[in-house]
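These notes are about the structure you will find just below.
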Amino acid sequence: SLFALCAFLHLCLTSATADVPTGEQRWEVQTDGGISGNLGRFSPDGKVLYTGDLSGQVIRYDLTTVVRGSPKREWRYTIKPISTYCERGVNTKLVFDAAETGVVFGSFIPSGSCTDTHAGGFYKLDAVTGKEQWNFQLAGFVWDSSAMALNDTVVYAVASDAYGSGDSYMYAFNYETGEELWHISVLGSEIFFPAFLGTPLVASDGTAFLSSENTAVYAVDKDGNRAADPITVTGTTGSTTKAPLLALDDEQRRLLVTSQDQNGNFKQQAFDTTTGDAKELWSVNADRGDVGYGGDRVAASFASGVVVSFLGTYLFGLDAATGDELWRFHCDGALAADEGNVPPLIDAEGTRVFVACYNNDVTNFTALEMASGEEAWSASFDNQYNAQCFAHEAATGLLYCLKASDLHVYDGATGEEQWTASTLGYTPLLDHANGAAKCDGGYHSCTDYGPPADYAPLRRNK
């Protein structure tokens, strides 16, 4: 099988500028199948790495023991294939309980030669030993990730139908036993446009919100009761052609829904979800003719009473309570992105938002003040479409950004570049225990790049 072949990808470290120190490779692991940032996870203390890959393997590594450039492998679990031609691959995030005693994930069959090409399932492993604790097999394709809620006693999982209908389902499982508690279904159109897209967005009371390709947003309570009337997103002109993007202010129980219609116009809505049926609090329309076309960047984030929203070629700051426009920032060209629908990155303190803009000549990483939209600093470099800032750490104040194949690490307060490393352009994993960026190595390897040995960590006043 193609996915059983082990390919070694050697990553060379480069520096974008002569005066910026270059990150150092500390270790590398190789896998039998393709991996991405979504299929890896670091433990909170930074001592353990888990990977999942398209060959159907989940592996745990001890990062405190590195021999000949590779960390010690503690265990490896392989999903049992249906047949020789029907190997199963891991295709969802690895989801852990708060104590990290177990891990759940979903699988599908990537082989085109398999007659049952879309069968999948959900699994739970003991995170310490790698022993399978339960599995639940589906007739349908596992479309996206699992989500966990209710103090780790319930697993929410989404899957879509295998036979072309696009009908989709959300399941609730008992986390300890794997017993199905309930499931709901929503009609789709066809397999390429399933009813559900994305991970269930789960509130603290166990209510799950699901964004659907059929232009509706569904709310399901912890007992599997679906709200009588889903939120219907009609867009500003015509009908929506993409599933709306969701963000949740759990403390205020506000649900933010961002959508784009078939004509490229945008709509931002906020709903009160404290009652059974969501009540619209406010709505903002943005005509493509006024804000320009920003590609697929339609997403938003909450922080400090402000909604920060990508609409067209603008980044808007809206009052979270009223929807009133507080400020807008125009990208000279368009919003850069490694992939579409990436929410705006807000710093750990909720005081700044970071955006990447590009045109034919130059790309900028820019830091804006959340309250006013004023520019705090900007870093410019040669034009590069695939650019985004993806993480900010409160402890160190470091800002992690991607520019094509390079990782750039900045002081989030001043914009001063700290160090760089080559990452092949894939969004890195981040070890929040020690502030070092960990990036996957593409298809068959995962490589750790830390700061240079002589790097002096930033100091923050408490």
Report the calculated FRET efficiency for ASN135 and SER405 (r = Cβ-Cβ distance, R0 = 35 Å), to the nearest 0.05.
0.40
In nm, give the distance between the simple-model label positions of SER43 and GLN252, each being 7 Å from the Cα along the Cα-to-Cβ direction.
3.9
Between ARG328 and TRP182, what is the label-to-label distance in nm when each label sits 7 Å out along the Cα-to-Cβ direction?
4.3
Step through the table entries LYS131/LYS222; LYS93/LYS279; LYS222/LYS279, compare each Cα-Cα distance with 23 Å, and write down the pairs that go over it.
LYS131/LYS222; LYS93/LYS279
Starting with the highest mean, order 409-417, 219-227, 313-321, 49-57 by the number of other Cβ atoms within 10 Å, averaged over the residues of each peptide.
49-57, 313-321, 409-417, 219-227
ALA395 to ALA456: extension gain in nm, 0.36 nm per residue of separation minus the Cα-Cα distance?
20.6 nm
Given labels modelled 7 Å from the Cα in the Cβ direction, how far is it in nm from ALA98 to ASN174?
2.1
Between ASP319 and ASP277, what length comes free when the chain is fully extended (0.36 nm per residue of separation minus the Cα-Cα distance, one decimal in nm)?
12.8 nm
Using heavy-atom solvent-accessible surface (probe 1.4 Å) with all chains present, what is the largest-first order of LYS93, LYS80?
LYS80, LYS93
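The values are calculated or read from the model by the stated rules, or taken from the named source; none is laboratory data. Computed from a prediction, not measured in an experiment: that's the story for all the values here. Reconstructed Cβ throughout: ideal geometry from the backbone, glycine too, with neighbour counts over all protein chains shown. For accessibility, only protein heavy atoms count, side chains too; no ligands or nucleic acids. Shrake-Rupley method; radii C 1.70, N 1.55, O 1.52, S 1.80 Å.
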